[in-house]
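The values are calculated or read from the model by the stated rules, or taken from the named source; none is laboratory data. Remember, predicted model here, so these are calculated numbers, not experimental data. Cβ coordinates were reconstructed from backbone atoms using ideal geometry, including for glycine residues, and neighbour counts include every protein chain displayed.
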Amino acid sequence: AIIIMVGSGLRIFNAYPAFARKGEMFCCYPFEHKPIPAWLTFGGWLGGARHWHFAMMWALAVNGLVYLTFIYLHGEWRDLVPRRGDIRDSLQMVKFYTFRRKDHPHQGKHNALQKTAYFLLPVFGALAVLTGIAIWKPVELAPLTAVFGGYVWARYWHFIAML
């Protein structure tokens, strides 16, 4: 579902491969007005890509809600919330993974990098859903779109959440 979601999203992006308005440059995207290669996209055409994108959105949203419900009901969320010292431990894990530390750092059920990833996944998932809704109906949901800085920025944050 994620691969189809990303591929169809890139096809939708290619309909207007820029974040700024026509004739302007966007500050934070160096490939402005350069489309994504077609072989990385999915959906055939803009309408088809949107249909696939919305269909996979439901699959991923339901999956995310089931995951959040599971970790809440079983108390697993306590293991995933970052704690004091996790940044230091993350740096030690990075040193280990980049071969600058020989011995494996002490860890519990999850190492600090895993905990960070598992904690941020629902955060970025929620960001993707909210920005997606904001750019889907920017006029009807103007207050939500405004929270993200307007349509251009909501589209940018949606793209960043995908990464």
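Points worth noting:
- Close pairs (6 angstrom Cβ cut-off, 6 or more residues apart or separate chains): touching a residue at least 12 places away in the same chain (Cβ under 8 Å) and aliphatic (A, V, I, L, M) in the range 30-53, surrounded by 13 or more Cβ atoms within 10 Å (Cβ to Cβ) and assigned to a helix (DSSP H, G or I) anywhere: ILE36/LEU10; ILE36/ASN14; LEU40/LEU10; ALA49/SER8; ALA49/ARG11; ALA49/ILE12
- Whether a residue is among the small types (Gly, Ala, Ser) and within 30 Å of ALA15 (Cα to Cα) was assessed, and GLY108 does not pass this test.
- In the range 71-86 there is at least one residue that is at pLDDT 95 or above and not hydroxyl-bearing (Ser, Thr, Tyr).
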